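Working notes, structure below.
The values are calculated or read from the model by the stated rules, or taken from the named source; none is laboratory data. None of the values given here were measured: they were computed from a predicted structure. Positions of Cβ are generated from backbone atoms using ideal geometry, with glycine treated the same way; all protein chains shown enter the neighbour counts.
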Amino acid sequence: MTEQHQQHAPKAAPAPAEQSILEAQHLCKRFAVRSERRLGRALEVTVLDDVSLSVRRGETFGLVGESGCGKSTLARCLLRLLEPSDGRVVFDGVDLATLDRGALRAVRRRLQFVFQDPFASLDPRMSARAIVEEPLLVHRLGDREQRRQAALGVLAEVGLTAEQAQRPPHAFSGGQRQRIGIARAFVLRPDVAVLDEPISALDVSVQAQVLNLLRRLQVEHGLTYVFITHDLAVAEYFCDRVAVLYLGEVVELAGRETLFRAALHPYAVSLLSAVPVPALGGRTRRAARPQLVGEVASLTERPPGCPFEPRCPVGRGREICRQERPPLRELGSEHWVACHFPGEVPLPARTETTEAFAHRPTTAVAPQPALDTEPRRSSTQPA
Amino acid sequence: MGALSVLERMRGLREDRGAPAGVRAPQAATDDADGPFALSVRNLRTVYELGHATVQAVREVSFDLRPTERLGVVGESGSGKSALALSILGLIEPPGRVGGGEVLLNGRNIVGLSERQLSSIRGREIALILQDPMSALDPVKTIGAQLHEAIAVHNPQLRRSALRRRAAELLREVDIPQAERRLDDYPHQYSGGMRQRVAIAMAIANNPSVLIADEPTTALDVTTQAQVLGLLDRLVDEHRAAVILITHNLGIVSEFCDSVSVMYAGRLVESSSCEHIFLGATHPYSEALLRCVPNPERLAEGPLPAIPGFPPDLSALPGGCTFAPRCSVGRELAVCHEQTPVPELVEGPSGSAIVECHFARERAARGSR
Amino acid sequence: MTGVIARRLLGSLGAIFGASIIAFVIMRVLPGNPARLILGPLAPPSTVHSLYRQLGLDRPIYVQYWRYITQFFQGQWGYSYSDGAPVRTLIGERLPATIELALFAFLITMLASIVLALLVTYRRRPIADRIVRAIAYIGFGTPPFFVSLILLIVFFSTLKILPGPEGRLGAQVTPPATVTHLYTIDALIAGEPGKFLEAVEHLVLPGVALGMANFAFLVRLLRANLLEVSREPFITVVRGKGLRRWTAFRRHALPNASLPTLTAGGLVLGEFLAGSVLVEKVFNWPGVGSLVYEAILKQDFSIVQTFILLSAVMFVLVNLGVDLLYAVIDPRVRVRSVVTA
């Protein structure tokens, strides 16, 4: 995949592929929550706590974590759909906070967002084409006919015909609606697309179609993706580098191979081993899995030290974990971990059946109706 | 065990297809060498009459469930898997109705029983766990009150203090800390995982012999899902219940179930042991479902083998095999579009399976590779 | 919890303040000199002027407002312009009739809404559903005075089964011994079932006429809420536990569906208490509504002014009560939940 990316790096960009295009520097986001108990006075919750990461041109950067980990908030801060409370977002070398409205608008064109819910994010009264045209209208690009052509073009790219383009969103299935959402984001020909759980609302069989589409568009247009997901199998399949978030902090950040084979943070390890694999031996895997205690802590009751300490199989109750927040350190090449005791919980090795399953031949050859059907045991002769 | 239960299902199948009279007594379907089935479903049919269209949610489904067996029913949204669960419990609401078939629970047909008779069975002999822990509990009643209700409805002789003791016991059983105190909390004070634990506690309160769990962990985070699945596993063992686990996630089937049925457009298109499906699924749909799960090992092979198109509209099913328009095998073949495949018992390398596909036998034999 | 109450109380005070401003301003912008209105066209200018000063109308506007508002809450509501009687006495005489009618209308409206909404949602009854919706539709779009006239024509003139527009009791009937000023309750206390029936008979038609529009509103709301709640997964879950359909409905669907209806009920009761000028007029109901009607005709603005503020206060109090009730019934308001993102 990486090779592919380098091959298809944007031709216009003079910078090497390694250069970062989107960077978060010490991002913090706090929200005021009204508390009934305190006579309606505001209570502050920290949703993002000192998050730094950089997304490289042409890569797919994964943000992975469970609900409440802040991944969606981070995505919205990266696009300045939300104003960060602290820290900076740097896009292509420019601090977004320094831009005036006009300049920010120009940047927004290059930074697009695809929403999770293909049902709620499309205006039910507009046709697919009008929905896709709208961003062009907002950015005052092209004349009427050019906009129309551009919209139809990008809809064709995502697999919708000109005839289908006239229909309103409710005439489409979930997968097709998500294609419209993607077309709307891509009609502006952005450099970076932030995809917030783009497939999690879709059926399994449709998810693969949309993933393939996203990959094809990325290769064809040399796009950079920030891919938010709670599905680790998808992240492993789709992302080049992955950051694991827990309670608004990056606890581990590494390349795909490194993270999924040799995760070091106990939370990342638990998360990875908790994914049920559709292969034989599931019950053994489940029995061998490290069990976490409790659930994700409430944001109002953040632990003072390591955010994962109360649930951690390694650090629970340990003084240093309770008191001191572990810094994000580079432990291997491009492998960042925020843990006082990295690697103490080993990632269970993949079972042989998993591997065997993974390498099953994938080409389904249509068998011809055989004539010599002499079943070894058949009690049901077709009528 | 898996292979055995397939054989048993086969018997039900033979009955479906009209075995010659006298070959078997009608009651035989509920018995086998190991004793009676916990649940036998025969030709169950559920339709929704929507005025302009009739949605066939469950189409003549038959299967057997042995005591303590765990069957995974896998399907996508709109495959009819939730309607199947509700039909078994007699909880289909208008405009839907069960249009025919039998549900033999511990040997007794419960289709067509009165609401009074059914309600004495629900929760006691057969219980239900639903997907969404946010909406599965009444928001204005305490957790304790809802547990009391589950116990009291089948034990009217119990006094309040006894109910409360039992409710606290149940909460402890599902690992809720400070159970006594937390009885008086309301659902919104519980986390998602804890609510699902409460739902499980209510379901096992009266030791049902069959438990139907409709996507019990889908709404949960993956680490919470692992915890809840572990809990369910332990409790089902302790209470010796048979389980129908409805899910879209084959990974969960692998972690929890003995046998699996793949549901498509209201039919069980492949039923087998877990070994069979994970080592060599026979039906093209089962195979495709397994393969379209992203797998990094196959990155080099190019795009994911996605299933083209989308699941059919249950009110306008295509003729012939309902999967044919999306099938890698039969998309172009006249036989698949014209003839409805009948269920067939096939032998794969890792056990037998009942498959509804014109090419079931060839494919099962090929699976030995 | 205390936070909820505190905020609701503040909100109520705000609403009353707003209403008082409106009532106050109306008086100031209306043409004519109140002193002249009170004394009549023949009074000499010096008398008018001294009354003008006596009423404080020469003082700065905020002083006038302060005086007005403090006097209102002390129960000094001024004097009628037309006959000089204290407004408090005038309204006090009429208020029980309005309250009795309001409570009766509220009771039958709520009962009818709940029963009919349950009837059409508990089982699918397409025909009954259509009829209820049609009634609701008609009730919603028909002015109450028109409903009153139709009811009178049907039940009084034609069928002759209910009394006509003769007020709270028949002409020959003397009111029961006064305890609460509500004739139905006083009749029961006095042990006079005949008078109780008489009072109820007189309440039926104006009660229905008054309640019709709001019945339409409530039955539609409750029906929608019940349908929504009965589709909630927890209803399936409690039936899965073994509760019968009706028990599940009564114990779980109805309480959940009633919550939003409670707020609506508060609005309705508040509206009834504020009185209906036209319905009272049609039925010759000796309530506040007809008093205000007469006052408007006579340009007796001190009564109108008091009435505006008084109905605002009643309205706000009823809704404050509902809000507090809400906080007691709905645990989501009462018990703070854990904050998660």
Exercise. For segment B:209-218, state whether one or more residues are farther than 30 Å from A:Tyr267 by Cβ, of a type outside the set (Ser, Thr, Tyr), in a helix (DSSP H, G or I) and away from chain A (no Cβ under 14 Å).
Key: no
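Considering segment A:218-232 alone, what residues qualify as being farther than 15 Å from A:Glu59 by Cβ and modelled with pLDDT of 90 or more?
Initial filter on segment A:218-232 (farther than 15 Å from A:Glu59 by Cβ): A:220, A:229-232.
Matches in segment A:218-232: A:Glu220, A:Thr229.
Scan segment B:61-85 for residues that are in a helix (DSSP H, G or I) and in contact with an Asp or Glu (Cβ under 7 Å, 6 or more places away or on another chain) and jot them down.
Initially, segment B:61-85 is screened for residues in a helix (DSSP H, G or I), giving B:81-85.
B:Ser82, B:Ala85, listed by residue number.
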Residue count, segment A:269-295, condition out of contact with any Pro (no Cβ under 9 Å at 6 or more places or on another chain), part of a loop (DSSP other than H, G, I, E, B) and more than 7 Å from every other protein chain (Cβ to nearest Cβ), comes to 1
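Yes/no per residue for (1) of a type in the set (Val, Ile, Thr); (2) in a loop (DSSP other than H, G, I, E, B); (3) surrounded by fewer than 21 Cβ atoms within 10 Å (Cβ to Cβ):
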residue	(1), (2), (3)
C:Lys281	no, no, yes
C:Val292	yes, no, no
C:Ile296	yes, no, yes
C:Phe307	no, no, no
C:Val313	yes, no, yes
C:Val318	yes, no, no
C:Val322	yes, no, yes
C:Val328	yes, no, yes
C:Arg332	no, no, yes
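Being facing chain A (nearest Cβ under 8 Å) and either within 19 Å of B:Arg366 (Cα to Cα) or crowded, with 24+ Cβ neighbours inside 10 Å (or both) is the filter here, so list the residues in segment B:334-351 that pass it. Write out each step before concluding.
Within segment B:334-351, the first condition is being facing chain A (nearest Cβ under 8 Å), and the residues that meet it are B:335, B:342-347.
B:Pro343, B:Glu344, B:Leu345, B:Val346, B:Glu347 - these are the residues of segment B:334-351 that are facing chain A (nearest Cβ under 8 Å) and either within 19 Å of B:Arg366 (Cα to Cα) or crowded, with 24+ Cβ neighbours inside 10 Å (or both).
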Does C:Phe146 meet the test of being under 22 Å from C:Ser290 (Cβ atoms) and of a type in the set (Phe, Trp, Tyr)? yes
Answer yes or no as to whether B:Ala226 is of a type outside the set (Ser, Thr, Tyr), free of Cβ contacts under 8 Å to residues at least 12 places away in the same chain and buried (at least 20 other Cβ atoms within 10 Å of the Cβ).
yes
The one condition A:Leu74 fails out of (1) of a type outside the set (Gly, Ala, Ser); (2) away from chain B (no Cβ under 14 Å); (3) crowded, with 17+ Cβ neighbours inside 10 Å; (4) outside any helix (DSSP H, G or I) is (4)
Output for Cβ contacts, cut-off 9 Å, separation at least six or different chains, first residue at the interface with chain C (Cβ under 10 Å from one of its Cβ atoms) in segment B:105-119, second among the polar types (S, T, N, Q), reads B:Ser119/C:Thr247
Pairing a residue in segment B:199-210 that is more than 16 Å from B:Gly144 (Cα to Cα) and without any contact (Cβ under 8 Å) to a residue 12 or more places away in the chain with any residue that is part of a helix (DSSP H, G or I) and of a type in the set (S, T, N, Q), where Cβ atoms lie under 7 Å and the two sit 6 or more apart in sequence or on different chains, gives none
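One line per residue, one yes/no per condition, for (1) closer than 29 Å to A:Arg109 by Cβ; (2) in a helix (DSSP H, G or I); (3) more than 8 Å from chain B (Cβ to nearest Cβ):
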site: A:Gln178; (1), (2), (3): yes, yes, yes
site: A:Arg184; (1), (2), (3): yes, yes, yes
site: A:Leu195; (1), (2), (3): yes, no, yes
site: A:Leu211; (1), (2), (3): yes, yes, no
site: A:Ala233; (1), (2), (3): no, yes, no
site: A:Val250; (1), (2), (3): yes, no, yes
site: A:Glu257; (1), (2), (3): no, yes, yes
site: A:Tyr267; (1), (2), (3): no, yes, yes
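Looking at A:Glu18, A:Glu36, A:Glu44, which one is in a loop (DSSP other than H, G, I, E, B), out of contact with any helix residue (DSSP H, G or I) (no Cβ under 8 Å at 6 or more places or on another chain) and either hydroxyl-bearing (Ser, Thr, Tyr) or modelled with pLDDT under 85 (or both)?
Values: A:Glu36 fails: out of contact with any helix residue (DSSP H, G or I) (no Cβ under 8 Å at 6 or more places or on another chain); A:Glu44 fails: in a loop (DSSP other than H, G, I, E, B).
Result of the check over A:Glu18, A:Glu36, A:Glu44: A:Glu18.
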A careful count of residues in segment B:149-175 that are at the interface with chain C (Cβ under 8 Å from one of its Cβ atoms) and assigned to a helix (DSSP H, G or I) gives 2
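Which residues, counting only those in segment A:107-140, are within 20 Å of A:Leu82 (Cβ to Cβ) and over 21 Å from the mean Cα position of the chain (by Cα)? If you could, list the steps in order and put the result at the bottom.
Taking segment A:107-140 and keeping what is within 20 Å of A:Leu82 (Cβ to Cβ), we get A:107-117, A:120-121, A:135, A:138.
Result: A:Val107, A:Pro135, A:Val138.
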Note on A:Pro327: of the conditions (1) in a loop (DSSP other than H, G, I, E, B); (2) at pLDDT 50 or above; (3) within 14 Å of another protein chain (Cβ to nearest Cβ), unmet is (3)
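Do you know which residues across segment B:232-257 are within 10 Å of chain A (Cβ to nearest Cβ) and either of a type in the set (A, V, I, L, M, F, W, C) or part of a strand (DSSP E or B) (or both)? Steps first, answer last, please.
Initially, segment B:232-257 is screened for residues within 10 Å of chain A (Cβ to nearest Cβ), giving B:233, B:247-257.
B:Thr247, B:Leu250, B:Ile252, B:Val253, B:Phe256, B:Cys257, listed by residue number.
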Conditions (1) over 12 Å from B:Thr282 (Cα atoms); (2) facing chain A (nearest Cβ under 8 Å); (3) β-branched (Val, Ile, Thr) -> B:Val329 fails only (1)
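Can you give me the number of residues within segment B:133-148 that are at the interface with chain C (Cβ under 7 Å from one of its Cβ atoms) and within 18 Å of C:Ile329 (Cβ to Cβ)? Give the derivation first.
Residues of segment B:133-148 that are at the interface with chain C (Cβ under 7 Å from one of its Cβ atoms), as a first pass: B:135-140.
Next, only the ones that are within 18 Å of C:Ile329 (Cβ to Cβ) stay: B:137-140.
Residues in segment B:133-148 being at the interface with chain C (Cβ under 7 Å from one of its Cβ atoms) and within 18 Å of C:Ile329 (Cβ to Cβ): 4 in total.
Rundown of residues vs (1) at pLDDT below 85; (2) under 16 Å from the mean Cα position of the chain (by Cα), yes/no style:
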{"site": "C:Leu254", "(1), (2)": "no, no"}
{"site": "C:Leu259", "(1), (2)": "yes, no"}
{"site": "C:Val279", "(1), (2)": "no, yes"}
{"site": "C:Val318", "(1), (2)": "no, yes"}
Condition set in a helix (DSSP H, G or I) and surrounded by fewer than 18 Cβ atoms within 10 Å (Cβ to Cβ), scope segment B:176-196, selection nearest to the other protein chains (Cβ to nearest Cβ): answer is B:His188
